[in-house]
Structures are given as structure tokens and as C-alpha cells.
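S.K.: For reference, the structure I am asking about is given below.
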Amino acid sequence: MPVATGVSDRRGYLRDSELELAALSAVSSTTNGTAVAFDASSLDYTKVVIVSPGYTSYSAGSAEWTVTFKAATSSGGTYATIAEAILPATSKNIELAFSGPQVTEKLGGRATHVKADVTKTGSPGAASATVYLAS
């Protein structure tokens, strides 16, 4: 049976609202995410999915938004960067893969909390994005 055009490029993501790290709508300044209790160290492999509709006034390196996935050994602890991505100017889904051993190594201990921060560089247009964990 033939495959419909474009089906091979589609990916399904099981989305659990408990694992949503950010739901940002037209933010105009750097935003620190809220910590979510999650044992990222126990995972073999998973990913952070970033869904972004794009934004205006993008200029690589001088006017852009960066999403940073971070983990810590406690809610109020020091968060280490696990992965990050620059939001593109146009609509796109981005996947940031990570593993439990990678998280534990970067933290020097077991991760119990994760979050996503969005950082503004320069003067890009307002950003919107949904960031969540998926398998």
C-alpha cells in the first residue's frame, strides 16, 4: 500500500500536561520557567519538544530567542543546562534529545526537577512557544 505524500515526515508526540515546562504567549522579555518535579536521571532516552510559531525581527546572533532545558537536584537548587536551541523565525517543532546518564553527569547527582527558560538576545519580536517532555 502506498504511503501518502508527507506522512514519512510527520511525528506524533504523546503530550502529558504534567510534563509541560512552559506555555508562553507573546513574551517580550527573558522568562525563567517554573520547576517541575521530574526524575530526569532515571530515563534511558527522552526529548524536550519545543513548538514555536516563529517571531519577527529575527537576526542570527543579535536578535533571537533561546530556549534552555535545565535540571537540578532540588527545586531550589542550582540548575545546569542540559540542552538548548535557538527559536527559528518561522514556525517549527524542535526536539532536544537527552539521556538520564547525561543529566546525572552534568549535575553531579540525581536530577529531581527540570525547567525551561527563554532568553532574549537583542530586540527580536515577541516569542510564543510550548515546551514539554515527550518520549
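S.K.: Quote the charge dipole size of the chain about the Cα centre in Debye, to the nearest 20; the model charges only the Cβ of Lys and Arg (+1) and of Asp and Glu (-1).
M.R.: Its charge dipole is roughly 120 debye.
S.K.: Would you check the chain for Lys pairs whose C-alpha atoms are within less than 14 Å, ignoring same-chain pairs closer than 8 in sequence, and give me the count?
M.R.: Within the chain, the lysine pair count is 4.
S.K.: Going by how many other Cβ atoms sit within 10 Å of their own, how do Leu24, Leu133 line up, fewest first?
M.R.: By the 10 Å Cβ count, ascending: Leu24, Leu133.
S.K.: Give me Lys70, Lys115 ranked fewest to most by other Cβ atoms within 10 Å of their Cβ, as a rough exposure proxy.
M.R.: Ordered by Cβ neighbours within 10 Å, fewest first: Lys115, Lys70.
S.K.: Once R0 is set to 22 Å, what does the formula 1/(1 + (r/R0)^6) return for the Cβ-Cβ distance between Thr121 and Ala80, expressed as a FRET efficiency to the nearest 0.05?
M.R.: Calculated value: 0.60.
S.K.: Give me, ordered by chain and number, the residues 5 or more places off Leu87 or on other chains with an amide H under 5 Å from its own placed amide H.
M.R.: HN-HN under 5 Å from Leu87: Trp65, Thr66, Val67.
Rule-based calculations on the coordinates, nothing more; no lab input. Bear in mind the structure is a predicted one, so any value in this text is a computation, not a measurement. We place every Cβ from the backbone using ideal geometry, glycine too, and count neighbours over all the protein chains shown.
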